[in-house]
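The values are calculated or read from the model by the stated rules, or taken from the named source; none is laboratory data. Here the structure is a predicted model, which is why all the values come from computation and not from measurement. No Cβ is skipped: glycine too gets one built from the backbone with ideal geometry, and neighbour counts run over all protein chains shown. Just so you know, the surface numbers come from the protein's heavy atoms only, side chains and all, with ligands and any DNA or RNA stripped out. Shrake-Rupley method; radii C 1.70, N 1.55, O 1.52, S 1.80 Å.
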Amino acid sequence: MYVDGLRLDDIRGQVDASPFYVYSQAKIRANHAAYAAALEGLPSLIGYAIKANNNLKIVELLRELGSGAVLVSGNELRLARAAGFDVARTIFNGNGKLPRDLEFAVQHGALINVDSEFDLGNITAAARRVGRTARVLIRINPDVDPGVHPYVCTSMSESKFGIRNSHLQWFLDAIKAEPGALELVGVHSHLGSTITKVSIFRDAALIMVDFVKEMRAQGFPIQFLNIGGGLGIDYRHEGAVLPTPRDLIDTVRDLVSSLGITLIIEPGRSMVANSAAFVNTVTGVKTNGNKNFIVIDGSMAELIRPSLYSAYQHIELTAPHHTPKAVYDVVGPVCESADFLGKDRELATPAAGDGLAVLDAGAYCMAMASTYNLKMRPAEYWVEGGDTLKMIRRGETLEDHLKLFEGL
Ligand code: LLP
């Protein structure tokens, strides 16, 4: 296996710890370029969803490439500022934004998505305290089914996000009553994640277009149509043809053009997921009853998606093997039966010390890592310029953990 021009086993030799994450910088650049090309000719803003991967170097790279950012916490806003983002090109989103974080967002001029009645109250109060007008978008829950795992679906009537369509007028009246504190500049919807059917983006956009027209008719200067993120990627590697950023943008292009509006999109996964591998070392192979197991040093602590969402992440040994193939569960050392990276995978039989890579590990993997069982969060590297390996985040150590207790 290779990451750009470097053999993964050579990378394993250079990195003196396991497990670790390794990214291809070229892949992130290519993913961004695919969005930029798809958006050509449309007034637009790419808001990279920092939650997918908050590595400062990756966030800085996306800023350099021209991306804005989507934030879900005050700390993500602080990180975006540390990465040099123009805060006017960031969008602060979420169903439980804290008053102190809202103040910070208004102060720095972020766009803010309104999620509920109380959220609008908090945004108004923050704007009054700061003495600035908050630029807001209303997050609509359009009640369309994105056909994804319930944990990553955000656009149906059971979802905690956004406002029900029928409540729109209440929000418009409340905003009209606060002209000094609030300026309504757009509508937002985010349907869910891992979406592989782009026609639903058009279904949701059509609902939003009606809202934009209604809002403009009531005198609001609507400039932004935000269709959220959510494009899926090819996790299975079985040759399926999945929609591209261009397919996604083309479903709404005519609507955006005819409205004369700026399109905002919020990709996370499709910007970074396929750029990385989570690289492990095999500790041993065992058979128990009727199951075979490859036990590796990485676990659900560093990569929780399979345990949490039954998500499929493709797994390969880092070097070719000529040993007999068998069907294995790939598991970590954590004391939980939910600690697996893959189930029922047909793989050659590795030896202790061999490398095993979990692919497409660039989104929601390191960002969701924990230190459960005191497995410290691993280091991250990227390959830049095709053949240069660089550390982009050091691995955490037990000393980092023990420092939290110093002086207590
Ligand atoms: N915008 C909003 C408002 C969001 O809530 C999200 C993701 C995105 C954009 C980016 O969506 P993406 O393009 O990455 O699908 N941890 C889960 C995914 C959670 C997604 C949360 N919201 C996973 O590992 O699959």
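Structure summary
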item: So F293, is it of a type in the set (F, W, Y), surrounded by fewer than 22 Cβ atoms within 10 Å (Cβ to Cβ) and either without any contact (Cβ under 8 Å) to a residue 12 or more places away in the chain or not in a loop (DSSP other than H, G, I, E, B) (or both); result: yes
item: Residues being of a type outside the set (D, E), touching a Lys or Arg at 6+ places or on another chain (Cβ under 8 Å) and within 14 Å of G162 (Cβ to Cβ) - total across region 113-145; result: 3
item: Residues that are over 30 Å from A326 (Cβ atoms), of a type in the set (G, A, S) and crowded, with 16+ Cβ neighbours inside 10 Å, drawn from region 244-288; result: G268, S270, S275
item: Of all residues making up region 107-122, the number that are away from the ligand (no atom under 16 Å from the Cβ) and in contact with a strand residue (DSSP E or B) (Cβ under 7 Å, 6 or more places away or on another chain); result: 1
item: Positions within region 11-69 being within 16 Å of the ligand (Cβ to nearest atom) and among the basic types (K, R), in sequence order; result: K27, K51
item: Residue selected from region 113-144 under the condition basic (K, R) and in contact with a helix residue (DSSP H, G or I) (Cβ under 8 Å, 6 or more places away or on another chain), by the criterion nearest to F211 (Cα to Cα); result: R132
item: Residue within region 216-237 that is part of a helix (DSSP H, G or I), surrounded by fewer than 16 Cβ atoms within 10 Å (Cβ to Cβ) and not acidic (D, E) present; result: yes
item: Looking only at region 133-158, and only at residues there that are at pLDDT 80 or above and aliphatic (A, V, I, L, M), the one that is farthest from the chain's Cα centre (by Cα); result: A134
item: Residue within region 158-171 that is more than 26 Å from L255 (Cβ to Cβ) and surrounded by fewer than 20 Cβ atoms within 10 Å (Cβ to Cβ) present; result: yes
item: Close pairs from region 306-320: first over 15 Å from G332 (Cα atoms), partner β-branched (V, I, T), Cβ under 8 Å, at least 6 apart; result: Y309/V152; H314/V358; T318/V279
item: Lone unmet requirement of (1) under 23 Å from the mean Cα position of the chain (by Cα); (2) away from the ligand (no atom under 14 Å from the Cβ); (3) touching a residue at least 12 places away in the same chain (Cβ under 8 Å) for E214; result: (1)
item: Residues (open to solvent by less than 50 Å² (accessible area, probe 1.4 Å) and either over 15 Å from G162 (Cβ atoms) or over 21 Å from the mean Cα position of the chain (by Cα) (or both)) located in region 174-192; result: A174, I175, E178, A181, L182, L184, V185, G186
item: One residue from F171, F201, F224, F161 being more than 16 Å from the ligand (Cβ to nearest atom) and either in the same structural domain as D115 (by the TED database) or modelled with pLDDT under 90 (or both); result: F171
item: Hits in region 300-324 - residues which are open to solvent by less than 70 Å² (accessible area, probe 1.4 Å), assigned to a loop (DSSP other than H, G, I, E, B) and more than 16 Å from the ligand (Cβ to nearest atom); result: T318, A319, H321, T323
item: Residue list for region 44-67, restricted to those being touching a Gly at 6+ places or on another chain (Cβ under 7 Å) and farther than 25 Å from K390 by Cα; result: L45, I46, G47
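Yes/no matrix, rows are residues, columns are (1) within 20 Å of A277 (Cα to Cα); (2) in contact (Cβ under 8 Å) with a residue 40 or more places away in the chain; (3) open to solvent by 20 Å² or more (accessible area, probe 1.4 Å); (4) assigned to a strand (DSSP E or B):
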position: V327; (1), (2), (3), (4): no, no, yes, yes
position: C335; (1), (2), (3), (4): no, no, yes, no
position: K343; (1), (2), (3), (4): yes, no, yes, yes
position: G353; (1), (2), (3), (4): yes, yes, yes, no
position: A361; (1), (2), (3), (4): yes, yes, no, no
position: A367; (1), (2), (3), (4): yes, yes, yes, no
position: M376; (1), (2), (3), (4): yes, no, yes, no
position: E406; (1), (2), (3), (4): no, no, yes, no
